[in-house]
Amino acid sequence: MARDLLIIGGRIIDADQNIDAAGDLLISDGKFSQIGSPGTLPSKNADVIDAAGCIVCQGFIDLHCHLRDPGFEEKETIATGTKAAAAGGFTTVCCMPNTNPPIDSRASVEYVIRTAAQSGTIRVLPIGCITKGRKGAELSEMYDLADAGVIGFSDDGSTVANPQLLQKAMEYSRTLGLPIIEHCEDPMLAKDGYMHEGWVSTRLGLKGVPTAAEEVIIARDIALAQLTKAKLHIAHVSTAGSVEMIRRAKEAGISITAEVTPHHLTLTHERVMRTGRGNRSELLYDTNAKVNPPLRTEEDIAALIAGLKAGVIDCIATDHAPHHEIDKLCEFGLAAFGISGFETALGSLMTLVHNGHLDMKALIAALTAVPSRILGKNYGIPAGIKIGSTADIVIFDPDKEWTVRSSDFASKGKNTPLEGQALKGKVKATIYYGAVVYSEG
């Protein structure tokens, strides 16, 4: 029988139950068996984790990541991706279907679930394709995918360009009670674009993607969600205009939720031409800052933060997109889009807390309780830190200073624009089903 685990001296924050207090937690047989004031729980026959100076909260939930498995195992596997997620404090991740083959069949769903059970470190919930092969021409077998275990439908990386087809998908998804998760980008407005359309793209001589490319599709999708009464989830919101449209849609009673990534909350399009190290500001073409949707402006960041604080944007998702080195060591136009984000997410987001832009409890809610509510069903995810509940928790030091070294990543993807940057806020331990699946150092 596994030994009990005692966590002492931490600040327990539970957004589900509105708890914020110092306390100790005793975990037995994978569940919380006792919760008490500091120093009141028995330590006999228990392994002890000293959480002094640390936050203890529910394990983070990521509604949007790319595990690349099957088909792109040179970039990431379910084994390496979940190990990286655990290092970032995540105990549940939802993986997008742009694999090879895509997750558009029962067999593909079952492969992900089976592989995660065999080699994964944490909980993996698959997202199924809206259309067969993500080609936007014919709907996938949505009922079969739902029965196999998907938690929603998306052609992420591509917008469903045909509005009539998307309307049908929404009608089916409504009957299933599952969300349509939309990558909102007009393919013609974004065609051949590599970064945000602005002064940086002009200076670097790169074709830009205007904010309208995102906003026109969000407007269309909101109209279809209103028509069909379906659940619509907007992935990786990046513009101020998008935030305003989502706000108005919520006020109108439309069933819509939205996510924002750590990089869209903290980095601007200027990162493409900067190293981000020290005071150096060289003219560069940093392919590690090439991401879709692109990094935007300070004004967009301010609107995204305000939207998150106001509940217009519901949660934070990493859009972890690992790539092999060769996918980024090339001309900017040829480089793949994406950032490896699991292991830098917390440190990046803590800059918002330390700078006074976001409250600690609001940050934790956006990473735990709110994404759990969006999923709608528990999928085995525990509802809060309470006696008898499964122990999925993360312990992190909000003041731990560290330097990003991608060579230390558990992920195969070393593609980060934060290489060499000093961050403040680091995961100390991640516990999944009562077992320590990550421990610092």
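The values are calculated or read from the model by the stated rules, or taken from the named source; none is laboratory data. Computed from a predicted model, the values in this text were never measured in an experiment. Virtual Cβ from ideal backbone geometry, glycine too; neighbours counted across all protein chains shown.
Against the test of being more than 18 Å from residue 429 (Cα to Cα) and at pLDDT below 95, the options 356, 388, 380 yield a single qualifying residue, 380. Of the strands (runs of 3 or more DSSP E) entirely within the stretch 329-441, those holding at least 3 residues that are out of contact with any helix residue (DSSP H, G or I) (no Cβ under 7 Å at 6 or more places or on another chain) and touching a residue at least 12 places away in the same chain (Cβ under 8 Å) occupy 393-403, 422-432. Residues considered: 301, 313, 305. Of these, the only one that is part of a helix (DSSP H, G or I), more than 22 Å from residue 199 (Cα to Cα) and modelled with pLDDT of 95 or more is 305. Going through the stretch 146-162 one residue at a time, which ones are farther than 29 Å from residue 188 by Cβ and among the hydrophobic types (A, V, I, L, M, F, W, C)? Correct list: 146, 148, 150, 151.
Please find, among 252, 235, the residue that is touching a residue at least 40 places away in the same chain (Cβ under 8 Å), of a type in the set (Gly, Ala, Ser) and under 17 Å from residue 170 (Cβ atoms). Reasoning before the result, please.
Details: 252 fails: touching a residue at least 40 places away in the same chain (Cβ under 8 Å).
Result of the check over 252, 235: 235.
Can you name the residue in the stretch 175-187 that is outside any strand (DSSP E or B) and touching a Phe, Trp or Tyr at 6+ places or on another chain (Cβ under 8 Å) and is also farthest from residue 240 (Cα to Cα) among such residues? It would help to see each step written out before you state the result.
We begin by selecting, within the stretch 175-187, every residue outside any strand (DSSP E or B); these are 175-179, 183-187.
When the remaining residues are screened for being touching a Phe, Trp or Tyr at 6+ places or on another chain (Cβ under 8 Å), the result is 176, 178-179.
Working: 176: 32, 178: 27, 179: 23 Å.
Of everything passing the filter in the stretch 175-187, 176 is farthest from residue 240 (Cα to Cα).
Checking the structure you have, find out if any residue of the stretch 151-162 is of a type in the set (Gly, Ala, Ser), touching a residue at least 40 places away in the same chain (Cβ under 8 Å) and over 30 Å from residue 213 (Cβ atoms). For the stretch 151-162, residues of a type in the set (Gly, Ala, Ser), touching a residue at least 40 places away in the same chain (Cβ under 8 Å) and over 30 Å from residue 213 (Cβ atoms): absent.
Per-residue answers, yes or no, for (1) at pLDDT 95 or above; (2) of a type in the set (Val, Ile, Thr); (3) crowded, with 17+ Cβ neighbours inside 10 Å:
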site	(1), (2), (3)
209	yes, yes, yes
228	yes, yes, yes
233	yes, no, yes
254	yes, yes, yes
269	yes, no, yes
276	no, no, yes
279	no, no, no
287	yes, yes, yes
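Every residue, every condition in (1) part of a loop (DSSP other than H, G, I, E, B); (2) hydrophobic (A, V, I, L, M, F, W, C); (3) modelled with pLDDT under 95, yes or no:
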residue: 39; (1), (2), (3): yes, no, yes
residue: 48; (1), (2), (3): no, yes, no
residue: 52; (1), (2), (3): yes, yes, no
residue: 98; (1), (2), (3): yes, no, no
residue: 104; (1), (2), (3): yes, no, no
residue: 107; (1), (2), (3): no, yes, no
residue: 112; (1), (2), (3): no, yes, no
residue: 124; (1), (2), (3): no, yes, no
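Residues of the stretch 193-205 that are surrounded by 21 or more Cβ atoms within 10 Å (Cβ to Cβ) and assigned to a loop (DSSP other than H, G, I, E, B): 194, 197. Only one entry of 169, 225, 213, 190 meets the criterion of being among the aliphatic types (A, V, I, L, M), within 26 Å of the chain's Cα centre (by Cα), under 18 Å from residue 338 (Cβ atoms) and not in a loop (DSSP other than H, G, I, E, B), and that entry is 213. Within the stretch 9-18, the set of residues being at pLDDT below 95 and farther than 26 Å from residue 342 by Cβ comprises 17, 18.
Within the stretch 28-49, none of the residues are touching a strand residue (DSSP E or B) at 6+ places or on another chain (Cβ under 9 Å), closer than 20 Å to residue 366 by Cβ and aliphatic (A, V, I, L, M).
Looking at 27, 78, which one is surrounded by 23 or more Cβ atoms within 10 Å (Cβ to Cβ) and either over 27 Å from residue 236 (Cα atoms) or over 17 Å from the mean Cα position of the chain (by Cα) (or both)?
27
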